[in-house]
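To start, the structure itself, in structure tokens.
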Amino acid sequence: MSDETSFAGLFGRAPEIHTDAPGRVNLIGEHTDYSGGFVLPLAIPQRTRVELAKREEPRVRAWSANFGDSADRETPEVEEYRLGEEEPGHGWIDYVQGITEVLRHAGYTLGGFDLRVESDVPLGSGLSSSAALEVAVLRALREAYHLDLDDLRLALAGQKAENDFVGAPVGIMDQMASNLADETTALYLDTRSLHYEKVPLPAQAELLVINSGVSHRNATSEYRTRRRECEAAAELLSVPQLRDVGLQDLWRLGTLPEPLDRRARHVITENARVRSAVAALRERDLPRLGKLLDASHESLRNDYEVSIPEIDRLVELAKEEPGVFGARLTGGGFGGSIVVVTRRGAAREAGERIAKRYGEEIGKQATVMVPAYSPETILTRRTETGAQTPS
Ligand code: GLA
């Protein structure tokens, strides 16, 4: 980090608060959250880190190493706005503006602050860089201003900022995952009631997450369309949300016009797959879990139509690897990443081979995100689990 872009370099004083929040990978339960359904995400080691110091005046100054184009500039660009005068349309700072506006509307009192953001969750990778930013900033503000914001309200505030201010009609999965999930336990979340249970990954299993290098930029309009299609299908089926239709009612989809029938079939079968995946995890039945991931991918590709050829190829390459139980697109789609369940010990090598073959065939660079390579991450994780740190 150059001195110029350290907190002191940017703002001329030391930060008072340090917080962070992880990205997430969704094991299964894709495009179900805005239909009130079930999801099963985990945290990833990559995180967004925030440093903050309060200010006397009600102004916000903020700098990010990753968002917007400040990463390309020689002179860092500090964004600035006055609390109460938030205005959308200014790039990454809209997430911060959205948060201060949402908190104010919810009756919380904030003062001004200086903020520095740095993240190793890649943008557009389907691994929730937005939610990691929202949750990290909300955690910093909660600490700085002693906000009475429990974990659920914090996640909801992040989602509201993204829905109402940034203008992305996302569900609640990512904010809940970033705030509540960890790297070895899946968060089995009912996105309607927000009840959740933690379901550990069996010791024999390992996760592999590969970023396709195709950014899902411009996916918002497709996402909005899918969301509207689900709402339209629910209305035609006379239910509040597609969550309220079970497998036994699949025959009713015959009354829906194309493509609403296929969209609804994805959501209904995906909800059932999440429940089966939870049972498979509890029974340590990895072949069954793998088949559910494969079926989820087929459904996302054919019925929900959110995959792209590069992602399909990564999934195929993964399935050719020894020790792989199943693979699928993870996140919103139209690019981003895949998640693979492997036998413990097989993920890293499989990941390297898949990335190599993908590069040779497609000419794009895939990156293995999990298992993570960063020595820093490995060190922190070992320290957290109380195991020996490398000497
Ligand atoms: C994005 C959204 C989530 C969810 C996923 C698809 O990540 O932020 O709310 O809808 O897409 O499962």
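Computed from the coordinates by the stated procedures, all read-outs in this text should not be read as laboratory data. Just so it is clear, the structure is predicted and the values come from calculations on it, not from any experiment. FYI the Cβ positions are ideal-geometry reconstructions off the backbone, even for glycines, and counts take in every protein chain you see.
Can you work out D for the stretch 203-385 in µm² s⁻¹ from Stokes-Einstein, where Rh is the Kirkwood radius over C-alpha pairs, the temperature is 25 °C and the viscosity is 0.890 mPa s?
Approximately 139 µm²/s, per Stokes-Einstein.
Set Lys and Arg Cβ to +1 and Asp and Glu Cβ to -1, take the dipole of the stretch 15-146 about its Cα centre, and tell me which of His105, Gly37, Leu138 lies farthest positive.
Gly37
Work through the residues other than Leu247 whose Cβ is under 14 Å from its Cβ and net out their charges, Lys, Arg +1 and Asp, Glu -1.
Residues close to Leu247 contribute a combined charge of +2.
Please give me the summed charge of the neighbours of Asp190: other residues whose Cβ is under 11 Å from its Cβ, Lys and Arg +1, Asp and Glu -1.
+1
Helix-derived [θ] at 222 nm for the chain: sum -39500 (n - 2.57) over DSSP H runs of at least 4, divide by residue count, nearest 500?
Result for the chain, helices only: -12000 deg cm²/dmol.
Taking the chain as a Gaussian network, Cα atoms linked when under 10 Å apart, which of Thr330, Thr269, Thr48 shows the biggest mean-square fluctuation?
The residue with the greatest mean-square fluctuation here is Thr269.
Placing +1 on the Cβ of each Lys and Arg and -1 on the Cβ of each Asp and Glu in the stretch 203-385, which of Ala318, Gln241, Val278 has its Cα farthest towards the positive end of the resulting dipole?
Result: Val278.
Given the options Gly326, Gly345, Gly12, state which has the largest fluctuation in a GNM of the chain using a 10 Å cut-off (strictly under) for Cα springs.
Among Gly326, Gly345, Gly12, the largest GNM mean-square fluctuation belongs to Gly12.
Using DSSP to call loops (not H, G, I, E or B), can you name the chymotrypsin sites (Phe, Trp or Tyr not before Pro) in the stretch 180-225 whose Cβ has at most 15 other Cβ atoms within 10 angstrom?
Hits after loop and neighbour filter: nothing returned.
If one puts a single equal scatterer on every Cα of the chain and applies the Debye formula without solvent, what log₁₀ I(q)/I(0) results at q = 0.06, 0.11 Å⁻¹?
One equal scatterer on each Cα of the chain leads to -0.23, -0.79.
Among bridges DSSP assigns within the chain, what percent are antiparallel (round to 5)?
Taking every DSSP beta bridge within the chain, about 90 percent pair in antiparallel fashion.
Could you give P(r) for the stretch 63-171, binned at 5 Å from zero, as whole percent values over all Cα-Cα pairs?
Percent of Cα pairs in each bin: 2, 12, 24, 26, 21, 11, 4, 1.
Can you check how the C-alpha radius of gyration of the stretch 3-197 compares to 2.2 N^0.38 Å, as a plain ratio?
Rg over 2.2 N^0.38 Å, computed on Cα atoms: 0.98.
Quick one: putting +1 on the C-beta of Lys and Arg, -1 on the C-beta of Asp and Glu, what dipole do you get for the chain around its Cα centre, in Debye to the nearest 20?
Its charge dipole is roughly 1120 debye.
What does the charge dipole of the stretch 3-197 about its Cα centre add up to, to the nearest 20 debye, if the Cβ of each Lys and Arg holds +1 and the Cβ of each Asp and Glu holds -1?
My answer is approximately 360 debye.
Under 10 Å, Cα contacts only: if you run a Gaussian network model on the chain, which one of Ser276, Ser307, Ser212 comes out with the highest mean-square fluctuation?
In the Gaussian network model the winner is Ser276.
Counting only residues 5 or more places away or on other chains, whose amide H sits under 5 Å from the amide H of Ile44 once H atoms are built in the peptide plane?
So Ile44 has HN proximity to Gly23, Arg24, Val25.
Could you list which residues have their amide H under 5 Å from that of Arg59, counting only those 5 or more apart in sequence or on another chain, with H placed in the peptide plane?
The answer is Leu83, Gly112, Phe113.
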